[in-house]
């Protein structure tokens, strides 16, 4: 065998490299360097030697051990082919060797550089977790755990970032729930809070928690309003009650608190509330996490301050991505900040022009509707207001169009530019009454022409940002009924819309590019669009109303529409490309000092990235073939 064949064979037989697709394995061949040791020598000393890469043993062997202060060996292990050394050290030990290594005479290894190894960890979760799971098992060994230091601080370790963002609520101590009935006098509630030394007490009715009261509640709602202390505590309580699963991640709890504006989160397990978390407690758990930045956004007052906050978001996202945080979380952080800014703008406009003359909902659509916002963002929104009597219609419509224009102008100044397709509430087409919006959806479904398929897809990805939730609930209830009526042509056109973007692969499996100036670029947004579209088709067919592509995929697996393998292929493909897209945009803003876009220079991609993208595009092609057979036969 020649050298390339030797390396490829080595990759295919060594855990966890055999988990990688063939094209990715082949892309590693030229990255690996051969080392031969002619005598026994100590090549790594624990916590001293920097790990330059991952060593794959081809011939000979490694003796690994811990050295105590007297240079005595402990936890000795002998490793021969197939075995790789260095992964745990890079991920968990500040890139220093975790164990000492004595190389056997006549040993030959092939080394993959550290930066390429870390890139592989981003590409393939199973590959990454092989090392983290191995570490977990080793820590159960008394000798091993005795010598291993604590994992590196957040700032210094790739894996530490993953740990922070994969830490679950179950792993922190939450407070016990102290409650009282709705009709308990206020003074008795205050006495109970004093006895238990608590600042928050929950209010129940028929043994269900319906609200809470805090020290601030007593100050603002009782003393400030001179309410008699004999009145029922329920008459002054705060709400809404918001709960989260004990299995949820910490970052999810923080984001939920900011979205719902609640300061207390009940922890739910098997249908029962088992404790609660306060916002302060969660933020202290997050330490210096960028999520704390969201709190400062909430405190901003002027449009200039909000603009300044939005200008700081690229730094936050760059920090997250450099620490190995998953692209889905980065998306959620961007979306939450964007939502917070938009809500502040809406509240400011209402202050300026007066309270709305009717109930309404301000909804966001497109990527923000799906909670998949990037740093190149425009406005995609609409307004639905309640149906009013004829004599009030013009007044109501006039108010909301003025309102929409002011909101749109402020958002544009902050950095959320006007939508070139005018899918904005400031466009009179997209600010209407609930009955008008019902007609919109009905016409789009029944009058199946290509333009309607695009409009429907845009407005199916919608969610409430501000206003009356009941309005959007009623609209979705109506939509659910309409989608149950047989209309194969509608699904055919929606599917055809999902097939209009083909994966950018040539007949010979090269990545298709477009020339801009003298360089070749990949439009990463267009490359991602087929996944968004095809998942939406299946969501529509199965009446799944989760807005987010990742959440839709999870629901499709639960319903048995996709199997676990299909889910993982699409999920990992989508968020791998999202990470590339966000990295490219942060680099354009922070390094190139240019406007972010969706074009990635092909020559800036590594071999691993190119190989991974080719695998992703093949996966998309296969799924599109499935849609073509399943949905478009009637055309």
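Any read-out appearing in this document is the output of simple, stated calculations on the displayed coordinates, not a laboratory observation. The model shown is predicted, which means the values in this text are computed figures rather than measured ones. Cβ coordinates were reconstructed from backbone atoms using ideal geometry, including for glycine residues, and neighbour counts include every protein chain displayed.
Based on alpha-carbon atoms, the Kirkwood radius and the radius of gyration of the stretch 1-99 give Rg/Rh equal to 0.99.
Counting beta carbons within 10 Å around each of 305, 422 and listing the fewest first gives the order 422, 305. Were the residues from residue 33 through residue 351 laid out at 0.36 nm apart, the gain over their Cα-Cα distance would be 107.9 nm.
In units of the compact-protein estimate 2.2 N^0.38 Å, the stretch 171-286 shows a Cα radius of gyration of 1.07.
Simple spin-label estimate for residue 512 and residue 13 gives 4.1 nm between the two label positions (7 Å along the Cα-to-Cβ direction from each Cα).
Of the beta bridges DSSP finds with both residues in the stretch 315-485, what % are antiparallel, to the nearest 5?
Details: 9 of 13 bridges.
Here the antiparallel bridges make up roughly 70 percent for the stretch 315-485.
Against the chain, whose longest principal axis comes from its Cα atoms, helix 250-260 is set at around 20 degrees.
Label separation (residue 312 vs residue 80): 5.9 nm, computed from points 7 Å beyond Cα along the C-beta direction.
Rounded to the nearest 5, what % of DSSP beta bridges with both residues in the chain are antiparallel?
Numbers: 59 of 69 bridges.
Beta bridges within the chain, antiparallel portion: roughly 85 percent.
Each label point was placed 7 Å from the Cα along the Cα-to-Cβ direction; for residue 564 and residue 422 their separation is 5.1 nm.
Given a Förster radius of 45 Å and the C-beta distance between residue 482 and residue 142 as r, what FRET efficiency does 1/(1 + (r/R0)^6) yield to the nearest 0.05? Don't skip to the answer; put the middle values down first.
On the way: r = 64 Å, r/R0 = 1.41.
Calculated transfer efficiency: 0.10.
Here, the stretch 405-479 yields an orientationally averaged convex hull projection of 5.5 nm² when only Cα atoms define the hull.
Per the helix-only calculation at 222 nm, which mean residue ellipticity applies to the chain, given -39500 (n - 2.57) for every DSSP H run of n ≥ 4 and division by its residues, nearest 500 deg cm²/dmol? Mind dumping the intermediate values first?
Working: 23 runs with 306 residues, N = 635.
So the calculated ellipticity at 222 nm is -15500 deg cm²/dmol.
To the nearest ten degrees, helix 390-414 and the longest principal axis of the Cα atoms of the chain are 30 degrees apart. FRET efficiency for the pair residue 454 and residue 557, taken as 1/(1 + (r/R0)^6) with r the Cβ-Cβ distance and R0 = 25 Å, rounds to 0.35.
Between residue 270 and residue 192, what's the calculated FRET efficiency when r is the beta-carbon distance and R0 is 22 Å? Round to 0.05. Mind showing how you got there, number by number?
Details: r = 27 Å, r/R0 = 1.24.
The pair residue 270/residue 192 has a calculated efficiency of 0.20.
What's the angle, to the nearest 10 degrees (0 to 90), between helix 488-498's Cα axis and the longest principal axis of the chain? Roughly 50 degrees, rounded to the nearest 10.
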